Amino acid sequence: AFDMLKGGYSITSRIHDKSDRYSFLINANGSIHKDFANMYFGSTYINILNQIWVLDPKARIDFTKNRWTVNDFYLADENHYIEIDGVAGASNSDTLHIDFGNITPNVLTPFFAKGTFDSLLFRSNGDVRISSTLGSPKYIGNIDVNQIFYQGYSYGDASTWVRETDVNGLLNFETSFRDGPIANTDFRGKVKLMGKLLAIRAQLLKRFYI
């Protein structure tokens, strides 16, 4: 529901996945002025596979014509979190900072194509910066993926960096395994963002020490 109030508004929205994998409840209110508006959040949460993520009540978004400023947007359950701060705009200097911790396939599965994470286990932490979010987004980030298991076999821990290319939606990446059976092995390549799908092309590099 969206209700216009004197000088402001109130929103209550519930979204439920038909396969019962996730749901959202959003309660927010704010004020509307000639050149800007803002949004404050009440009771807001996401239920992902029966894990309840609660949004910090200090979260706030300020809107102007060309940019959104996000403050204290901290969404977490008992074991995982995502924090977003910064500015979403069309300029390359407008940057959103996204920090996340202890993300597992269970958290991601509902939002990707069926089978994307079959037989795969891991825990991931990292930070990503997105500039020109409302224009031509550019990505840069560092991600640690730990306790990697695939089809029951352990592959250790890895670190990945991601950088934007000159092609919109095409990212360069490099993954280095820090330990485990393929320690000192790197994968380098490109990732294409295609809605819920990821197209990956990579080459294997083995580091040798003398």
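Taking each residue as 0.36 nm, the span from residue 112 to residue 21 lengthens on full extension beyond its C-alpha to C-alpha distance by 31.6 nm.
Given a cut-off of 18 Å, what percent of all Cα-Cα pairs of segment 42-122 lie beyond it?
Tail of P(r) above 18 Å: 53 percent of Cα pairs.
The residues 163, 188, 14, sorted by heavy-atom accessible surface at 1.4 Å with ligands and nucleic acids left out, run 14, 188, 163 from largest to smallest.
Protection proxy ranking of 145-155, 22-32, by the mean of other Cβ atoms within 10 Å over each peptide's residues and highest first, is 22-32, 145-155. Taking all protein chains together and a 1.4 Å probe, the residues 182, 52 rank 52, 182 from largest to smallest accessible area. Using the Cα coordinates of segment 82-164, the gyration tensor eigenvalues translate into equivalent-ellipsoid semi-axes of 28, 14, 11 Å, sorted from longest to shortest. A simple charge model with +1 on the Cβ of Lys and Arg, -1 on the Cβ of Asp and Glu and nothing else charged puts the dipole of the chain at about 640 debye relative to its Cα centre. Of all lysines in the structure, the ones whose alpha carbon falls short of 30 Å from that of residue 192, not counting any fewer than 8 places away in one chain, are 18, 114, 138, 206. Taking the square roots of five times each eigenvalue of the Cα gyration tensor of the chain, the equivalent ellipsoid has semi-axes of 35, 22, 14 Å, listed largest first.
Projecting the Cα atoms of 93, 27, 43 onto the charge dipole of the chain, computed from C-beta unit charges around the Cα centre, puts 93 farthest toward the positive end. Take the Cα of residue 29, step 7 Å toward its Cβ, do the same at residue 163, and the gap between the two points is 4.8 nm. Both numbers refer to the Cα atoms of segment 53-93; Rg and Dmax are 12.0, 37 Å.
For segment 51-96, the Cβ-based charge dipole about the Cα centre amounts to some 300 debye (Lys, Arg positive; Asp, Glu negative; other atoms uncharged). Residue 13 sits with roughly 40 Å² accessible to a 1.4 Å probe, with DNA, RNA and ligands left out of the calculation.
The values are calculated or read from the model by the stated rules, or taken from the named source; none is laboratory data. Predicted model only: the values in this text are computed from it and were never measured. Don't worry about glycine lacking a Cβ; one is built from the backbone with ideal geometry, like all the others, and counts go over all protein chains shown. Calculation scope for accessible area: heavy atoms of the full protein, side chains included, ligands and nucleic acids excluded. Shrake-Rupley method; radii C 1.70, N 1.55, O 1.52, S 1.80 Å.
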